Amino acid sequence: MSKERPMMQIQRLAVSFSGESGRVRAVNDVNLTIYPQQTLAVVGESGCGKSVTALSMLQLVPRPPGRYESGRIMWRNDDDDEPVDLLTLNERQIRSVRGNQIAMIFQEPMTSLNPVYTVGNQILEAIRLHQTVNRKTAIQIAIDALVDVGIAAPAQRLKEYPHQLSGGMRQRVMIAMALACQPRLLLADEPTTALDVTIQAQILELLRDLQARRGMSIMLITHDLGVVAENADVVAVMYAGRIVEYGSVTDIFSNPLHPYTRGLFASMPVLGQSKHRLETIPGNVPNPADFPPGCSFHPRCVEMKDDPQCSTENPQPLEVEQQHWVACWHAPAYNDGTASMQDSGYRRQAEPAES
Amino acid sequence: MTSTDTDTPLRSPIPAKGRSLWTDAWLRFRRRKLAMAMLWIIGLYALLAAIVFSGLIAADWDQPVVTSEFYERPAWSRLVVADAQGNALTKNEQYRKIAPELWFGTDIFGQSVLRKTLYGARISLTVALLASLLSIAIGVPMGAIAGYCGGLVDEIIVWLYSTLSSIPGFLLILAFAFVLRERLPGITAVYVALGVTSWVGLCRLIRGEVLKHKNRDYVAAAKVYGASQSRIILRHIVPNVSHLILTDFSLRFVGFIHAEVILSYLGLGPKEEPSWGTMINEAKLELTRNPSVWWQLAAATAAVLFLSLALNIAGDAMRDALDPKLKHVA
């Protein structure tokens, strides 16, 4: 199967919400590309639009107050299919995508399972919504799914209620439920944030393992750079609803170009280094209702604060190096005319061949 | 592959089979002796009503049981002390000689008050049950739809029930009962009038709960695996608020029994058959007689009293049992 054709291309996506202070753009001009068997990490602070981007893919942004302002989310379930725009599907069509082609897991495994049903009941429901199988077969699929996520005594766990399981177990169940229909893309919205560190590591390892075995793609939403380094192939850094830097995990980690990305790295504790205080990025995330003019990061930017261009013109992400986009007027090669606008379509070929 | 959960050793090895929230609640409820006793009383009432329905007892309530006298006093207040031969009877024998239909005396037509009371259970329980079911059938779907869909649908439903609830409740019931009794036979008018006027509280309750639940993560999870709106409402949210429907039901049921009594007292109840309300209605004339006739009133009141007491106590215990926050209190 060809890995060269993207399975998902988000093009100039913009999502707005109406709030007390009028319409605010939660996501602005976002371009992303996901290839088969790739892990894309979307990194950013709370409220930067990473979850909204993921929810848009399944048309799960509540409308109202949300609204898709512009853009397309082209999705190709099978390599031979013509891509469809997920945003134009009707309720029935998008329902057959949800859970079946694209699945999602959430941050809070403690509350993501319905307390009145047994675990088995819920996995069976997810299976039988998309597959016409009899109960016996469905139970077998569910047991297999639980085995797949490393749950011991699966036949018995099926009869248990969510309150009888620990957080790690519940997240495993959620993953089993999400993967029971063999989706091609898994949206993982901070899947480990609510878990203990040891369980986090297990869950991430599980995701990697499942990805390798099933050949699915993962969009990993997180604010934990450690998680990104270990799991992602490609990284998109979001700030205030826009992508500010986008590139392979090696490029982003070895050569971060945007001051915000650099700030994120600087604020990470380093093992073995004794420091009294961690670095912080000065200031706060701007209120979406009141983004500063120009580059929305400029009031917090320590590097080039006084440049009038930063406070008047908003930089678009440009490809300043091979496969490395950045939206900053002061990034090297940003202004010299060699950087190309492009559609931020991260190209597969440049990646080191895997497996 | 994966190391089989590190959390397994930490878990207690005991719970072999999952216990649902309902089972849990039932186990908590069962610990309450008083509530259990009340549940038995409710069961007894239901059983009596069922037997009356089957026609095994009290079907002949309209036949006079005495010919000699109107308003026969309750038999235990005038025991026969000697048999036909003039031999004195022991207390035990005296009590045993009383015909059961005379235990509570008779009314003006010589009809047995006991039989009428039993027959009244049938009417009262039927009315209360059907009215409750009707108001659940209206209130729950309306509340769930309003809460889940929001927007214009929500506004219309809220407007509807606000309008309805701004009319003084009992006047509304009276108006409905008055209009309906011309069109619907017997007790149907009563329970329809009660049902269609009293779903507002439940609807409002369910709407609020659904509003709360629709943003829960498990609903988001269900959406993500492709469940339709109706499936999410019916299979995911409603079961999570169903305990409220049940507790509301127990309290509502009492209210309907009282409402039926009041409607009957006001002459809007069932016309041809005795109910506790019509019995109390008759009693208002009987009490003014000299000597006053109190037994019909006493029998009907006692019947209402014990049932509402039992329902209230059991309902209260049920609410506690179903509230996970009070798990360790009882």
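The values are calculated or read from the model by the stated rules, or taken from the named source; none is laboratory data. Note that the structure is predicted; figures quoted are calculated from it, not measured. Cβ: placed from backbone, ideal geometry, glycine included. Neighbour counts: every protein chain shown. Accessible surface is based on the protein model in full, side chains and every heavy atom, while ligands, DNA and RNA are left aside. Shrake-Rupley method; radii C 1.70, N 1.55, O 1.52, S 1.80 Å.
About the Cα centre of segment A:6-142, what is the dipole size in debye to 20, counting +1 per Lys and Arg Cβ and -1 per Asp and Glu Cβ, all else neutral?
360
Which percent of Cα-Cα pairs in segment B:104-162 sits in each 5 Å bin, short to long?
4, 16, 15, 12, 9, 9, 7, 7, 6, 7, 5, 3, 0
Over chain A, with a Gaussian network built from C-alpha contacts below 10 Å, which listed residue (A:268, A:169, A:238) shows the highest mean-square fluctuation?
Largest GNM mean-square fluctuation: A:268.
Viscosity 0.890 mPa s, temperature 25 °C: Stokes-Einstein D of chain A from its Kirkwood Cα radius, in µm² per second?
The Stokes-Einstein estimate is 115 µm²/s.
Taking amide hydrogens as modeled 1.01 Å from N in the peptide plane, which residues meet the under 5 Å criterion relative to residue A:42, leaving out close sequence neighbours?
A:220, A:221, A:222, A:236
At 37 °C and a viscosity of 0.692 mPa s, what translational diffusion coefficient does Stokes-Einstein give for segment B:204-246, taking Rh as the Kirkwood radius over Cα pairs? Give it in µm²/s as a whole number.
Rounded to a whole number, D works out at 315 µm²/s.
Which values of log₁₀ I(q)/I(0), to two decimal places, follow from the Debye formula for segment B:235-319 at q = 0.15, 0.19 Å⁻¹ with a uniform point scatterer at every Cα?
At q = 0.15, 0.19 Å⁻¹ the computed log10 ratios are -0.64, -0.85.
Once the Cα gyration tensor of segment A:93-184 is diagonalised, what are the square roots of 5 times its eigenvalues, in whole Å and ordered largest first, as equivalent ellipsoid semi-axes?
Result for segment A:93-184: semi-axes of 19, 15, 11 Å.
Would you kindly derive the ³J(HN,Hα) couplings of segment A:207-214 from the backbone phi angles with the Karplus curve 6.51 cos²θ - 1.76 cosθ + 1.60 (θ = phi - 60°), listing them in order in whole Hz, with x for Gly and Pro?
Going residue by residue, I get 4, 4, 4, 5, 5, 5, 6, 9 Hz, with x marking Gly and Pro.
Which whole-number percent of Cα pairs in segment A:120-277 have a distance greater than 21 Å?
Pairs farther apart than 21 Å: 54 percent.
Amide H of residue A:99: which non-local residues (sequence gap of 5 or more, or other chain) have their own amide H closer than 5 Å, using H built in the peptide plane?
A:104
Too long at a 30 Å Cα-Cα cut-off: which of B:33/B:214; A:50/A:136; A:50/A:159; A:136/B:212; A:50/B:223; B:33/B:212?
Pairs exceeding 30 Å: B:33/B:214; A:50/A:136; A:50/A:159; A:136/B:212; B:33/B:212.
Extending each Cα 7 Å along its Cβ direction at residue A:12 and residue A:69, get the distance between those two points in nm, one decimal.
So the label points at residue A:12 and residue A:69 sit 1.3 nm apart.
Considering only protein heavy atoms and a 1.4 Å probe, what is the carbon-and-sulfur percentage of the accessible area of chain A?
Result for chain A: 51 percent of the exposed heavy-atom area is carbon or sulfur.
Mind checking the per residue accessible area of segment A:72-148 for me, 1.4 Å probe, whole number of Å²?
Per residue, segment A:72-148 has an accessible area of 45 Å².
Could you rank B:170, B:306 by how accessible they are, 1.4 Å probe, largest area first?
Ranked from most to least accessible, the order is B:306, B:170.
Just the number, please: buried accessible area between B and A, total of both chains, 1.4 angstrom probe, nearest 100 square angstrom.
The B and A chains share an interface burying roughly 3300 Å².
Quick one: check the C-alpha center-to-center distance for segment B:198-274 versus segment B:116-177, whole angstrom.
First find each Cα centre; the distance between them is then 9 Å.
Which whole-Hz couplings ³J(HN,Hα) result when phi for each residue of segment B:187-197 is put into the Karplus expression 6.51 cos²θ - 1.76 cosθ + 1.60, θ = phi - 60°, listed in order with x for Gly and Pro?
With coefficients 6.51, -1.76 and 1.60, one gets 6, 3, 4, 5, 6, 5, 4, 5, x, 6, 9 Hz.
Over the Cα atoms of segment A:205-332, what Rg and Dmax result, in angstrom?
When restricted to the Cα atoms of segment A:205-332, Rg and Dmax are 16.1, 51 Å.
Taking every eigenvalue of the Cα gyration tensor of segment A:165-257, multiplying by 5 and rooting it, what semi-axes result, largest first, whole Å?
Calculated on Cα positions only, the semi-axes equal 24, 15, 12 Å.
Hey, with R₀ at 60 Å, roughly what FRET efficiency would residue B:306 and residue A:133 work out to, going by the Cβ-Cβ distance, to 0.05?
Here the calculated transfer efficiency is 0.65.
Ignoring ligands, DNA and RNA, what percent of the 1.4 Å accessible area of segment B:269-320 is carbon and sulfur?
For segment B:269-320, the apolar C and S fraction of the accessible surface comes to 61 percent.
Mind checking the full-extension length gain between residue A:96 and residue A:193? Use 0.36 nm per residue of separation minus the Cα-Cα distance, one decimal, nm.
Working it through step by step, the gained length comes to 32.1 nm.
Across segment A:110-120, in residue order, what do the Karplus-derived ³J(HN,Hα) couplings come to in whole Hz, using 6.51 cos²θ - 1.76 cosθ + 1.60 with θ = phi - 60° and x for Gly and Pro?
Karplus values, whole Hz, x for Gly and Pro: 5, 10, 7, 9, 6, x, 8, 10, 6, 4, x.
Scan around residue A:244 for amide H atoms under 5 Å from its own, H built in the peptide plane at 1.01 Å from N, and keep only partners 5 or more places away or cross-chain.
Excluding prolines and chain starts, which carry no amide H, the hits are A:237, A:238, A:239.
How long are the semi-axes of the equivalent ellipsoid of segment B:149-299, defined as square roots of 5 times the Cα gyration tensor eigenvalues? Whole Å, largest first.
42, 17, 12
If N is the number of residues in the protein assembly as shown, what value comes out of its Cα radius of gyration divided by 2.2 N^0.38 Å?
Ratio of Rg to 2.2 N^0.38 Å for the protein assembly as shown: 1.34.
Hey, how many Å between the Cα centroid of segment A:262-329 and the Cα centroid of segment A:137-203?
The two parts, judged by their Cα centres, are 37 Å apart.
Largest first, please: the extent of the C-alpha atoms of segment B:148-209 along each principal axis, to the nearest Å.
Computed over segment B:148-209, the largest-to-smallest principal extents equal 40, 19, 17 Å.
Only residues of segment A:17-61 count here: report those whose backbone N is under 17 Å from the spot 7 Å along Cα→Cβ of residue A:5, or say none.
Flagged as within label range: A:33-38.
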